[in-house]
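Colleague: Sharing a structure with you now.
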Amino acid sequence: MKLKDALKTIFHLFCALTTFILLFIAIQGTFLNREASFDGVDLFKLISVSFVSVLPSLIFVGQETASRRKVIILRIIHFVLTAGAVFGCLIFYDWIDSASAVITVIFFLIVYITASVIIEIRDKKLADKLNERINAFHNTENETHRD
């Protein structure tokens with residue numbers, strides 16, 4: 001992935017992750033803790049958690065031609081770094097306790113897997129589009145050589 005594409009992906013992930021975190025907090029506040037308060041400092045904390053959480057995506061810069069095995073290893077490293085960033089922030093901001101840890105881990109896995117699937121689908125569509133263009137080019141090339 002080129003740096004420009006990585007930064008664009010990081011921005012999209014940041015926006016999606018911020019939305020998912022707000023949704024999670026809204027659901028948790030509605031059903032589990034109706035007396036919870038949320039102030040401006042908490043909003044900045046939320047934004048910082050989202051930002052720190054998407055930074056590990058930079059490990060994919062320059063990996064356009066990586067083998068399938070290397071991609072799997074990079075995804076595992078990315079998952080570990082992202083999980084470390086997320087749970088490090090949650091612990092640092094004292095937002096996680098043993099009661100909500102299981103829910104938070106499940107939510108983290110859902111968000112991570114969803115984002116990974118969306119990226120895979122987008123990459124597959126791009127690859128299919130490029131293959132179509134290459135095939136059309138080869139077909140045109142073959143037809144002009146027959147004449």
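Nothing in this text is a laboratory measurement; each read-out follows from the coordinates by a stated rule. The structure displayed is predicted, hence computed values, not measured ones. When we count neighbours, we look across all protein chains shown, and the Cβ atoms used for this are built from the backbone with ideal geometry, even at glycine.
Colleague: Could you work out the relative contact order of the chain, using alpha carbon pairs under 8 angstrom and six or more residues apart, expressed as a whole percent? Write down the numbers at each step before the final one.
Modeller: Numbers: 56 pairs, mean separation 40.5, N = 147.
28 percent.
Colleague: Now for a separate question. Give, rounded to the nearest 20 debye, the magnitude of the charge dipole that the chain has about its Cα centre when Lys and Arg contribute +1 at Cβ and Asp and Glu contribute -1 at Cβ. Intermediate values should be presented prior to the final figure.
Modeller: Values: 15 positive and 14 negative charges, 77 e Å.
Value, rounded to 20: 380 debye.
Colleague: Sticking with this structure for a sec: Just report the Cα centroid separation between region 104-127 and region 1-70, whole Å.
Modeller: A separation of 12 Å, based on Cα centres.
Colleague: Just to be sure I follow the rule: in the chain, considering lysines 8 or more places apart or on different chains, how many pairs have Cα atoms under 22 Å apart?
Modeller: Qualifying lysine pairs in the chain: 13.
Colleague: Another question, if that's okay. For I96, enumerate residues with amide H under 5 Å from its amide H, sequence gap 5+ or separate chain, H modeled in the peptide plane.
Modeller: Long-range HN contacts for I96: none found.
Colleague: Right, something else. Between R69, R133, R122, where does the largest GNM mean-square fluctuation fall for the chain, given springs only between Cα atoms within less than 10 Å?
Modeller: With Cα springs under 10 Å in the chain, the top fluctuation among R69, R133, R122 is at R133.
Colleague: Can you pull the three principal axis extents for the Cα set of region 1-61, in Å, largest first?
Modeller: Extents along the principal axes: 46, 20, 14 Å.
Colleague: Considering the options G62, I119, V49, tell which one lies farthest towards the positive end of the dipole of region 48-147, charges being +1 on Lys and Arg and -1 on Asp and Glu at the Cβ, about the Cα centre.
Modeller: Comparing the listed Cα positions along the dipole, G62 ranks first.
Colleague: A further question follows. Counting only other residues whose beta carbon sits under 12 Å from that of K45, what net charge do I get with K and R as +1, D and E as -1?
Modeller: Values: positive: none; negative: D39, D42, D94.
Result for the local shell: -3.
Colleague: What is the ratio of the Cα radius of gyration of region 26-110 to 2.2 N^0.38 Å, with N the residue count, to two decimals? Display every interim value, and only then the final one.
Modeller: Details: Rg = 15.8 Å, N = 85, 2.2 N^0.38 = 11.9 Å.
Cα Rg divided by the expected 2.2 N^0.38 Å: 1.33.
Colleague: Considering all projection directions equally, how large on average is the shadow of the alpha-carbon convex hull of the chain, in square nanometres? Walk me through the intermediate numbers first.
Modeller: On the way: hull surface 45.6 nm².
Directional mean of the projected Cα hull area for the chain stands at 11.4 nm².
Colleague: Sum up the charges of everything whose Cβ sits under 14 Å from the Cβ of R133, counting Lys and Arg as +1 and Asp and Glu as -1, but leave R133 out. If you can, show how the numbers build up before the last one.
Modeller: Numbers: positive: K125, K129; negative: D128, E132, E141.
Once all neighbours under 14 Å are counted, the net charge is -1.
Colleague: If you don't mind, another one. Would you mind putting 90-97, 8-15 in packing order, based on average other-beta-carbon counts within 10 Å, highest first? Walk me through the numbers on the way to the answer.
Modeller: Values: 90-97: 13.2, 8-15: 15.2.
Going by the mean number of other Cβ atoms within 10 Å, highest first, we get 8-15, 90-97.
Colleague: With +1 on each Lys and Arg Cβ and -1 on each Asp and Glu Cβ, how big is the dipole of region 89-147 about its Cα centre, in debye rounded to the nearest 20? Don't skip to the end; give the middle numbers.
Modeller: Values: 6 positive and 9 negative charges, 16 e Å.
Once rounded to the nearest 20, the dipole reads 80 debye.
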